[in-house]
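**Q** Structure incoming, see below.
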Amino acid sequence: MAALRSETADLRPGATTDAHPVAPTDRIVAIDVVRGITLFGVMAINVTTAFRLSIFEQFLHDHVDGGWLDQALHSFLMTAIDLKAFALFSLLFGIGLAIQHDHLSPHPQRITLLIRRLAFLMLVGGVHLLLIWNGDILFEYAIAGFIVVALLFGPSRLPAAVGLALLAVFIASPFLPPIATMPSRSWMTQIVAEATRVYGPGGLADVLAFRIRELSGLLPLHLFIFPRTVALMLIDAAAWRAGLFQRGSRASWWLPSAAAIGVGCGAALAVIHAIGLLDLGWQSQLSLERLGTVLLAFGYGAVIICAFDKTRARSLLAWAAPLGRMAFTNYVMQSVVFGWLFYGYGLGLFSKVGVATALALGTSVYAAQVVFSAHWLRRYRFGPLEWLWRSAMYGAWQPFRSG
């Protein structure tokens, strides 16, 4: 597949003994495109469900207040994008770890470099979690990354085996004893009411204090999803090693079939769950929903990669590549901007706008990031946080300007 260039020296194990980042010209553009498009899905869910209202609101009510447009958009987002975008982000993170692991294979300090990489991500995730927005996923990804990296050093089939086992446990977990207990309904009702009083009109100090108070209720959500996060990272790391995303490999010819199966079966399961077509117990329904989410996430990514291999589609999708190259910076900047839009230290729109308005605001921010990312990368090699990340990983300031 022409779009998935793996013939460059930087992406082949054993090609170099120097420790340096993969050059921008040697990046796999199709994966950057997937990452950039996935960022829109993550943004759409975050801005409509976690910045606009308390994240616990969805556990108290199964409907959305507002007109038909708000309700239609919410139904579409919950069916087609919610959790799928985050699952796809986990898959992409696994590919990134596998690429870094293989890229550094000849280097004697490979373990140290990878630990530094994940430690920096954990540091930024912690700052993001406590000071910017408590819906952060970076901290969880860093913890999961340590597990994935450790398994990448094992036998070649170990990541796939452990990943599939963890995924099976996650899908079957509605039938198993819970690994954590969700907050009580009374606690969530109180938190939702307090969030409206604090996030909307409150100042920075009030928002920070309340954000930390919410963490105890958010922890079970992370624990529930953590096995899936690790599983998907491992599965896509194994898929990368098997050559599924590499040009000319035997495995890459299966990608279109995987795309069709993922989208077809995943969409069918998502729709069946959304409209309650099957009269099953809640455990079976939840398990089918989880399976559909994973299939649809993988299908989305595979469809974009397959489409990018076509010349006409490539020109239509190329706009997302700079955004994907700067996904770290753009993800954190979205939180900064949305915090200013929705919390009291900024415009204070929390609980005052509907789904359609929130999505329009988020899409405007995303569009601005598309323009900004392309402009920035014409002058610099990396996004600001990406540059700091690589500098921390390699223990030396990396070249910043292009050329």
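The values are calculated or read from the model by the stated rules, or taken from the named source; none is laboratory data. Note that the coordinates shown come from a computational prediction; the quantities given were computed from them, not determined experimentally. Ideal geometry is used to build each Cβ from the backbone, glycine not excepted, and the neighbour counts take in all protein chains shown.
**Q** Need the failing condition index for F350 against (1) touching a His at 6+ places or on another chain (Cβ under 9 Å); (2) part of a loop (DSSP other than H, G, I, E, B), just the number.
**A** (1) is the only condition that F350 fails.
**Q** Hey, another quick one. One residue is enough: does the stretch 341-359 have a residue meeting the conditions of a type in the set (A, V, I, L, M, F, W, C), closer than 30 Å to A193 by Cβ and surrounded by fewer than 19 Cβ atoms within 10 Å (Cβ to Cβ)?
**A** yes
**Q** Okay, moving on. If a residue has to be under 17 Å from I99 (Cβ atoms), among the hydrophobic types (A, V, I, L, M, F, W, C) and assigned to a helix (DSSP H, G or I) to count, how many in the stretch 235-254 make the cut?
**A** Of the residues in that region, 6 qualify.
**Q** Go through (1) touching a residue at least 40 places away in the same chain (Cβ under 8 Å); (2) part of a loop (DSSP other than H, G, I, E, B); (3) not basic (K, R) for M78 and report which single condition fails.
**A** Every condition holds for M78 apart from (2).
**Q** For residues in the stretch 166-184 being surrounded by fewer than 17 Cβ atoms within 10 Å (Cβ to Cβ) and touching a helix residue (DSSP H, G or I) at 6+ places or on another chain (Cβ under 7 Å), which is nearest to F59 (Cα to Cα)?
**A** M182
**Q** Condition first: closer than 10 Å to G344 by Cβ and under 27 Å from the mean Cα position of the chain (by Cα). Now tell me which residues in the stretch 190-199 satisfy that.
**A** Across the stretch 190-199, the qualifying residue is only Y199.
**Q** Further, regarding this structure: Please return the ranges of helices (runs of 4 or more DSSP H) entirely within the stretch 100-191 where 3 or more residues are of a type in the set (F, W, Y).
**A** Result: 138-152.
**Q** Here's something else I'd like to know. Go through the residues of the stretch 33-42 one by one and say whether even a single one is among the β-branched types (V, I, T), modelled with pLDDT under 95, within 29 Å of R314 (Cα to Cα) and in a helix (DSSP H, G or I).
**A** no
**Q** Quick check on L91: is it in a helix (DSSP H, G or I), touching an Asp or Glu at 6+ places or on another chain (Cβ under 8 Å) and in contact (Cβ under 8 Å) with a residue 60 or more places away in the chain?
**A** yes
**Q** Tell me whether the stretch 199-207 contains one or more residues that are among the aromatic types (F, W, Y), at negative phi and surrounded by fewer than 18 Cβ atoms within 10 Å (Cβ to Cβ).
**A** No, every residue in the stretch 199-207 fails to be among the aromatic types (F, W, Y), at negative phi and surrounded by fewer than 18 Cβ atoms within 10 Å (Cβ to Cβ).
**Q** Return the only residue of A168, A161, A205 being among the aliphatic types (A, V, I, L, M) and over 22 Å from V230 (Cβ atoms). It would help to see each step written out before you state the result.
**A** Numbers: A168 fails: over 22 Å from V230 (Cβ atoms); A161 fails: over 22 Å from V230 (Cβ atoms).
Within the list A168, A161, A205, the selection yields A205.
**Q** Could you check, for the stretch 373-380, whether at least one of its residues is surrounded by 15 or more Cβ atoms within 10 Å (Cβ to Cβ) and in contact with a strand residue (DSSP E or B) (Cβ under 7 Å, 6 or more places away or on another chain)?
**A** Among the residues of the stretch 373-380, at least one is surrounded by 15 or more Cβ atoms within 10 Å (Cβ to Cβ) and in contact with a strand residue (DSSP E or B) (Cβ under 7 Å, 6 or more places away or on another chain), which makes the answer yes.
**Q** Any residue in the stretch 287-307 that is outside any helix (DSSP H, G or I) and of a type in the set (A, V, I, L, M)?
**A** Within the stretch 287-307, none of the residues are outside any helix (DSSP H, G or I) and of a type in the set (A, V, I, L, M).
**Q** For the stretch 278-299, check the following and say yes or no: at least one residue is without any contact (Cβ under 8 Å) to a residue 60 or more places away in the chain, crowded, with 17+ Cβ neighbours inside 10 Å, β-branched (V, I, T) and within 28 Å of Q71 (Cα to Cα).
**A** No, that holds for no residue.
**Q** Taking the criterion of being assigned to a strand (DSSP E or B) and not β-branched (V, I, T), would at least one residue in the stretch 354-370 satisfy it? Break it down into steps so the answer makes sense when it comes.
**A** Residues of the stretch 354-370 that are assigned to a strand (DSSP E or B), as a first pass: none.
No, there is no match, as no residue in the stretch 354-370 is assigned to a strand (DSSP E or B) and not β-branched (V, I, T).
**Q** On to the next question. If we scan the stretch 215-229, do we find a residue that is touching a Phe, Trp or Tyr at 6+ places or on another chain (Cβ under 8 Å), of a type in the set (K, R) and not in a loop (DSSP other than H, G, I, E, B)?
**A** yes
**Q** Another question, then. I'd like the full set of residues that are among the small types (G, A, S), surrounded by fewer than 16 Cβ atoms within 10 Å (Cβ to Cβ) and under 23 Å from the mean Cα position of the chain (by Cα), limited to the stretch 243-277.
**A** A260, G264, A268, A274
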